[in-house]
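Read through the structure below, which is laid out as structure tokens, and then see the notes.
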Amino acid sequence: MLKKVSIIIPVKKINDYIKESLSFIEKLNYDKKLIEVIILPDEKEEILEKFSFTVKIIATGSVYPGIKRDIGYKNSAGEIIAFIDDDVYPSENWLFAALKLFEKDENIGAIGGPAATPPSDSYMRKVSGFIYSSFLGGGNYSYRYIQQKERQVDDYPSCNLIIKKEVLNKINGFNTEFWPGEDTVICLKIIKDLKMKIVYHPDVLVYHHRRKFPIGHLKQVMSYGLHRGYFVKRFPETSMRVSYFFPSLFVLYIISLIVIPFFYRGIFYFIWLIPFFIYLVFLIIDGIRFFWYFPFVSAGIFITHIFYGIYFIKGLLSKKLKEELNK
């Protein structure tokens, strides 16, 4: 049985991405009478185009995305709340696939799916997407960027996160100013406080425009690293994982390769170099799969590891981030 769905889109201001997303929502394999889209810009704006679904625009002022999402869902009419970002557009069966999963298991509180790089993205935006979806760049989390097998997860990005409204009501929504990281907060509430499941399914597919490599990409990576490092202390249940520490350990290893020759250049130093050469081999093998994107992807994976690793350490050493500073 189809349910009323509210699609929540936080945004600074109405932009071309929003209009693109609305055009793809129009193509969804779902009854449009059961869809409402709530857009949350800082200031009141209008969209002149007409659609077969309801569009609401709620001005929120300059607040963080988690707060915008809470305002959106609290003003929604849907039984199912679908969160996406302003630079995201859905695939045709996005909602239909998610609703089938909810019907299959009542203990599923939220559903996520891959946020793939759009075919129309520019060369440097695709480089960013390929870094995230690569074996070395994305690691165990590459399923977030390309379609892989269904699985149960405990932490999922809010750029493609679909949650039952009754679940949001029970946990009082996001209720956080962390950004990024608001998705970690709400996912932890679902699995820890409510003991409900979060499921990833490849058919719950959206397309997510990437930030340009290198500047936009690295700014995003730095923010991810900073918050994840801090969350190791703040939310250890889902952030105290060995995989999150690897880039920082790699940074320390690279520093050792630079520092050791000043004091020692014997045979053991050359043995110490072997892991780095193995890493380079895997870097080339991983990058070459992307053909003419290869040089930028391989170099980008290396740089991504360095920036994430440095900012992860910074997050670990930080006493407080934005949310705590407001308390």
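Each reported figure results from applying straightforward, stated rules to the coordinates on display, with no laboratory input. The shown structure was predicted, so the numbers you read here are calculated from the model rather than taken from an experiment. A quick note on method: Cβ atoms are made from the backbone with ideal geometry, for glycine too, and the neighbour counts reach across all protein chains shown.
Worth pointing out:
- Excluding same-chain neighbours fewer than eight residues apart, the lysines reachable from Lys233 by a Cα-Cα span under 19 Å are Lys189, Lys192, Lys314, Lys319, Lys320, Lys322, Lys327.
- DSSP-defined beta bridges in the chain - what % are antiparallel, rounded to 5: 40
- When each of the peptides 196-205, 254-263 is scored by how many other beta carbons lie within 10 Å of its residues on average, the order from highest to lowest is 196-205, 254-263.
- Straight-line cross-link reach from Lys12 at under 14 Å between alpha-carbon atoms covers these aspartates and glutamates, not counting any fewer than eight positions away in the same chain: Asp42, Glu43, Glu45, Glu46, Asp85, Asp86, Asp87.
- Taking label points 7 Å from Cα along the Cα-to-Cβ direction, Phe135 and Asn107 give a separation of 3.5 nm.
- Selection from Pro247, Ser298, Val281, by position along the positive dipole direction of segment 219-325 (Cβ): Pro247
- Compactness relative to 2.2 N^0.38 Å, alpha carbon Rg of segment 196-327: 1.28
- Contour excess over end-to-end distance, with Cα ends at Ile47 and Leu257 and 0.36 nm allotted per residue: 70.0 nm
- Take 277-288, 293-304 and order them by the average number of nearby Cβ atoms within 10 Å per residue, most first; the result is 293-304, 277-288.
- For the pair segment 139-155 and segment 8-78, the centres of their Cα atoms are 27 angstrom apart.
- Helix-only [θ]222 nm of the chain, DSSP H runs n ≥ 4, -39500 (n - 2.57) each, per residue, nearest 500: -14500 deg cm²/dmol
- In the elastic network of the chain, a GNM with C-alpha springs shorter than 10 Å, the most mobile of Glu26, Glu46, Glu166 is Glu46.
- Cleavage-rule hits, chymotrypsin sites (Phe, Trp or Tyr not before Pro), segment 28-82, DSSP coil, Cβ neighbours within 10 Å at most 10: none
- Rg ratio for segment 46-151: its Cα radius of gyration over 2.2 N^0.38 Å, N being its residue count, equals 1.28.
- In terms of surrounding Cβ atoms within a 10 Å radius of their Cβ, Cys159, Cys187 rank from fewest to most as Cys159, Cys187.
- Take 31-39, 226-234 and order them by the average number of nearby Cβ atoms within 10 Å per residue, most first; the result is 226-234, 31-39.
- Exceeding the 19 Å Cα-Cα cut-off - candidates Lys74/Lys164; Lys68/Lys197; Lys4/Lys74: Lys68/Lys197
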